[in-house]
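Data first, discussion second: the structure below is written as C-alpha cells.
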Amino acid sequence: MQLATLTSIRKYYPSTNALAVDGADFSLERGEVHALVGENGAGKSTLAKILCGFESPDSGTVAIRGSPVSFSSHRDAEKAGIGFVPQYSMLAPGLSAADNVALGHEPRFLGVFSDRRRVAYDFSLLADRYGFSVNPDAIVSTLSASGRREVEILRALARGGGVLVLDEPTSILGERETEALFALIRRLKSAGAGIVYISHRAKEILDLADRISVMRAGRVERTIRPDDTDECGLADLIVRSSSCAAGTDSGSTPGKPGLTLRSVTLSRRGSDSLDGADLVVRKGEVVAVVALGGNGLDALEDVAAGVVGPDSGDVLVLGKDIHSYPPRILRSGVMAYIPTDREGRGLCAKASVALNAIAGRLRGYSFADFALGRAPLADADALLASFDVKNGGRRRVDTLSGGNRQRVVAARELDGPADVVVAANPTQGLDRSSRAALLSRLAEMRDEGSAVLLLSSDPEDASELADRSFVLYRGRLKALSGPGSDDSAIAAALTGVEP
Amino acid sequence: MISPVLRTVKDTGASSTPKRLAIAVATAAALAALAAAALSGEPSTALRAFFVAPFSNASSILNMVELSAPLALCALGVIVTFRAGHYSLGGEGQAYAGSIAAAAAGYYGYAALGPGATLAAVVAGVLAGAAVAALPAMGRRFAGAEVLLTSILVSQGFIFVIDWAIGGPLRDRSGNLIAMPALETEALLARLEPPSTLTVAPFVVLILCVAASFYFERTRSGAAHDLYGRNPRFAELQGYDVERLSWAPVVASGMLHGLAGALMVLGAKGTAIRGMSGGIGWSAIGAALVAGSRPSAVPLAALLFAWLDSGARQAAVLSDLPPDAGMAIKALVILVVSSRPSWTAVKAFMRRTPTRRAK
C-alpha cells in the first residue's frame, strides 16, 4: 500500500529565482525505508518540506494513502500522520526537552491549565519506548548537538504516525546514537511505518534503504534497489564525477605546537564535560578527536575555539594563552573555526550569502573598496566558487540548502592561511564530492603548515584525514595508536571498552 | 532590479519597504475615513479637515514637514538600536532631556554667546540625550542588563525629574504655560518660509538619513553593526568588537533623540514645555517599523505620522472628531504594518483548499 505519493511536483522560489523542484515524482510504501539522495541543492529537502506541509507546491499533487491532500501547514501534515526531523534544529532553545516535544499539543488539566507533570511523564514514556536517554527537564540550549537531534526525533515520533521524514538525521550523531536510530527505524518499519531517509552517506543508505531515489536538478532521476549497486556506485550516482577517493596522507613533518591543551577541565556541563584533557596539535599535522554525543566533544570544541574558558588548565595557541589574543587578531589568520552549531555560530542566517562569505575579512577592505562594493562582491564570488556554491551571492543564506550553508562556512573559514584550524563536524550535510573537497582542503592547509584539530562524531572523517587520533570518552582523552586506526578499535574506545 | 553599479555585498534581494509604506498609507487613509464617518456628527467636515486641510496651502504642508523632522530623527535613533539587536524604549526621556538641555543652553547661554547659543543648544541637546541613553548602554556593557527594560525605566525616571524641573525651579512664572522662559528669537533656528514654521531641521534630517543609509549599506562598520544585531554570537566569532557594539548604538540613538528634542525647542516650540515629548518615543518606533528599519524610508514614514497628527488636530478643531482619534489611528497603523506574520496567515488561509484527512 502506498502511504505517500508525490506526482509531478514543481516548486519555484521567485525571490531567489530558483527552481528547486522540477516535476519530481516520489512514492513511499508501507513498511519501507525510501532513501532520497543527491548533491547539495538537488531539491531533496524542498521535496521533503512539501511532503511535510512546510512548503506548498506550485503544481503537482500530494496524496496520502491514496487521497489527494493540500497541506497549508506542517500541523496539517502532522494530523495526517507525517513526522519530520529537520536537518538543523527547529527547537525552542529556552524550553526543556519535554516542553519542546509537547509544544503546540500541550496536555491540559481541566482543559485550561498546563499539565507539566503529564508533559514530563509522556516524554519519559516516549523516550523509554524508543530507547533514548534525554533528560526531560534539560533545557534544549544546554544539550549537545546530538542531544538536540534526539529531541527532534522524539518530537517527530510523538506527532507522526505512518510516515517519518528524516533529513540528514545522522550528520552530527555519534556511532552509538546512529545505531540506536537505525534500530528504531527498523522497528518502525516492521510496524508498518514508511520512512523517507535523506542522507549523503552511501554506506548507511545501503544498509538501511529498501529503495533509493536519486535527485538531480530538482528531478528524481532514477530509483534503484540497494542490491543494484555498491557504495562507490551509489556515490557515483549521487555525484556525477567519481568521489570514491582515498584519504590523504601527510607529506610533512609536524612542527611546533599550534594548539595546546594542558590539563583542561571544564565541569558543570553534565555529561558534556572535560576532565583533565591534555592535547598538543603541532603545525603540519591533523589530530582528530572522535566521540559519541555527550562525552565532552562540545566542551572540547568550546575551549579549543576560545568560546569558553576552562575551569582549570591552559589552552595555548602558538604558545600563548588563547584568551590573550584580542578576538580580531585571533580571527585574522591565527585561527580558522568551523563550528558544529552552523546556524548559531557559523552563519548569520538573515544576511546575504556574500556577506556571510566575506564576514571574516571585512577589516581587510579599504573604506572606498567596501563602499563601491565591487571588490567584496568579487571576493565573495571567488570564495563561493571555491566550494561550488552557485547563484548564492545576494540570496539570504537561510534560503540555501543545509549542505550549501555548510559550504559557505567552509569557504569562509578555510580561505587563507591559518596557524590553527578547529574543524568541528565539518562534513555535516555535505555530499560526497563536497566532503572530499573539504577534507582535501584541510589536508592542503595541514601541508601548508596549519595545525588542524578535527573534532568529529564520525570515525570515518578521522580515519581518512588524521595523522593522530584520539577518542573522547566521558570527558577523558585517549590516544589511538597510529594514523588510520581500524574501525573496531575506534568503536571499542568510543564506548569505553578496554582492549 | 538593482543596477550592478549600485549593488553591495549586503543586498539580499528586493526590499519590501515600498510595499510596507503603501500598506501604511492605505491603512491610515482608510482608518481616518472610518473614524470620521463613525465618530463625527459632521463626517464630511471631519473628512475634509483630515484629508484636505493639512494640504490646503503651502504653509500647512511646510508646517507638517517641520513637524515630521524630530519624529524622523527619533525613528532614525530607533533604527540604529533595532539594527544592533537592542530594543530601546527610552526615546521619550532622551528627547525630553535633549529639550530641557537645549532650552537651558539656549536661554542662559544667549547672554554670553549671542546667536552662537543656537549651536550650544544643539550640542547640549545631543549630549543630554546621550547621557540618558548611556545608563542603559553601560548596564548592557558591564552587567549584560536588557536594554528593553533599563531604557524605559531610566527614561521614566528622567521624565519625572524634568517635569518637576520645568514646573518648578526652571519655570517661567510670567505666563500660564508650564514651560521654561522662551528663547530669544536670534537663538532659534531661522524660519525659512514664514508664516510657516519650516526651519533647516527637515534638511538636517535628510542629510542624516542619507548618511545612515550609507553607513548601513556601504561601510564595514555598518555591515558589522547589522551582523551583530542579527547574530551576536556569530559577530563575536568573526572577531568584531562586540563590546563596543553592545553599547555604542544605544548611545548613538540617545544622541539622535537628544538632537530631536533640541530641534523641537529651537523650532516651533521656542522653549521647553512640560510634556512636550509625550508619545514621541512610541510614534518613532511606529515610524521605524513602517520604514522597515531602512533609514532611506524614514522621512516618508515620519511624514505619514506627521500628517496623522496634523489631520487629527485639524479635524478636532474644525469638527467634533475626538482629538485622540489620531493616536488611535497611529496605533492601528503600527499594528497592521508590524503584523506581517498575520498577513502571511491570511494569505495561506485564502489559498487553503480543504484538507482531506487520510484515514
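Worth a mention:
- Nearest-0.05 FRET efficiency for A:Ala368 and B:Met138, computed from C-beta distance (R0 56 Å): 0.95
- Overall form of region B:123-172 per C-alpha gyration tensor (a/c, 1.5; a/b vs b/c): oblate
- Between 0 and 90°, nearest 10: helix A:374-386 axis offset from chain A longest Cα axis: 70
- Net charge of neighbours whose Cβ lies under 15 Å from the Cβ of B:Arg274, counting Lys and Arg as +1 and Asp and Glu as -1: 0
- Hypothetical label at A:Ala138: residues of region A:76-114 whose amide nitrogen lies under 13 Å (7 Å Cα-Cβ projection): A:96-98
- Expressed to the nearest 5 percent, the antiparallel share of DSSP beta bridges inside region A:2-238 is 60 percent.
- Prolate/oblate/rounded label for region A:67-158 (Cα gyration tensor, a/c 1.5): oblate
- Within the protein assembly as shown, percent of DSSP bridges classed antiparallel, to nearest 5: 55
- Set A:Lys320/A:Lys478; A:Lys189/A:Lys390; A:Lys256/A:Lys390 screened for pairs whose C-alpha atoms are more than 28 Å apart: A:Lys189/A:Lys390; A:Lys256/A:Lys390
- Rg and Dmax of region A:257-494, Cα atoms only, in Å: 17.6, 58
- Spin-label zone in region B:40-65 - amide nitrogen under 13 Å from a point set 7 Å from the Cα of B:Leu332 along the C-beta vector: B:40
- Measuring how big region A:2-238 is from its alpha-carbon positions, Rg and Dmax come out at 17.8, 58 Å.
- In degrees, nearest ten, helix A:432-447 long axis to first principal axis of chain A (Cα): 10
- Kirkwood hydrodynamic radius computed over the protein assembly as shown comes to 30.1 Å, based on all pairs of distinct alpha carbons.
- Cα-based equivalent ellipsoid, region A:128-231: semi-axes from gyration tensor eigenvalues, Å: 26, 15, 13
- Rounded, prolate or oblate (a/c below 1.5 giving rounded, otherwise prolate when a/b exceeds b/c) for chain B by Cα gyration tensor: oblate
- Residue order, fewest to most surrounding Cβ atoms within 10 angstrom, among B:Thr219, A:Thr340: B:Thr219, A:Thr340
- With the highest mean first, a sort of the peptides A:204-212, A:3-11 on other beta-carbon atoms found within 10 angstrom per residue produces A:3-11, A:204-212.
- Along principal axes, Cα extents of chain A, largest first, whole Å: 66, 52, 49
- Whole-Hz ³J(HN,Hα) from phi, Karplus 6.51 cos²θ - 1.76 cosθ + 1.60, for region B:56-70, glycine and proline x: 6, 8, 4, 5, 5, 5, 5, 4, 5, 5, 5, 4, 6, 4, x
- Inter-chain Cβ neighbour count for B:216-222, averaged per residue, equals 4 (cutoff 10 Å, partner chain atoms only).
- Pairwise FRET efficiency - B:Leu119 versus A:Val308, Cβ, R0 = 56 Å, nearest 0.05: 0.70
- Inter-label distance for A:His105 and A:Thr61, nm, one decimal - labels placed 7 Å from Cα along Cα-to-Cβ: 2.8
- The residues A:Lys256, A:Lys189, A:Lys49, when put in order of fewest to most other Cβ atoms within 10 Å, stand as A:Lys256, A:Lys189, A:Lys49.
- Lys, Arg +1 and Asp, Glu -1 on Cβ, resulting dipole of the protein assembly as shown about Cα centre, debye, nearest 20: 1940
- Inter-centroid distance (Cα atoms) of region B:44-59 relative to region B:164-209, Å: 26
- Only one residue of A:Ser96, A:Ala127, A:Phe109 has its Cα farthest out toward the positive end of the dipole of region A:71-167, where Lys and Arg carry +1 and Asp and Glu -1 on Cβ, and that residue is A:Phe109.
- Note on A:332-344: average number of Cβ atoms from other chains within 10 Å of each residue's Cβ is 1.
- Segment A:Ala378..A:Arg129, full-extension length gain: 84.3 nm, with 0.36 nm per residue of separation and the alpha-carbon distance subtracted.
- Listed by Cβ neighbour count within 10 Å, with the fewest neighbours leading, A:Asp298, B:Asp172 appear as B:Asp172, A:Asp298.
- Charge sum, other residues only, whose C-beta stays under 14 Å from B:Leu62's C-beta, Lys/Arg counted +1 and Asp/Glu -1: -1
- Ranking A:Val397, A:Gly429, A:Gly416 by Cα position along the charge dipole of region A:392-431, where only Lys, Arg, Asp and Glu carry charges on their C-beta atoms, puts A:Val397 farthest toward the positive end.
- Region A:91-170-region B:127-149 distance, computed between alpha-carbon centres (Å): 39
- Counts of other chain beta carbons within 10 angstrom of each beta carbon in peptide A:321-331 average 2.
- Backbone HN-Hα couplings from phi across region B:306-321 [Karplus 6.51/-1.76/1.60, Hz, Gly and Pro as x]: 5, 4, 4, 5, 5, x, 5, 5, 4, 5, 5, 7, 8, 9, 9, 5
- Near-label residues of region A:199-218 by backbone N, under 11 Å of a point 7 Å along Cα→Cβ of A:Ile224: A:212-214
- For chain B, a Gaussian network of Cα nodes joined below 10 Å ranks B:Ala260, B:Ala211, B:Ala179 by mean-square fluctuation, and the top entry is B:Ala211.
- Here the relative contact order of region B:17-339, from alpha carbon pairs under 8 Å that lie six or more residues apart, stands at 36 percent.
- Spin-label model distance (nm) - A:Leu19 vs B:Leu206, 7 Å beyond Cα toward Cβ: 4.7
- Euclidean distance of C-alpha centroids, region A:259-282 and region A:16-80, integer Å: 44
- Mean sequence separation of contacting Cα pairs (under 8 Å, at least six apart), scaled by the length of chain A, corresponds to a relative contact order of 17 percent.
Only the coordinates and a few stated rules stand behind these numbers; no lab work does. All values derive from a computational prediction rather than experimental measurement. So basically every Cβ, Gly included, is an ideal-geometry build from the backbone, and we count neighbours across all protein chains shown.
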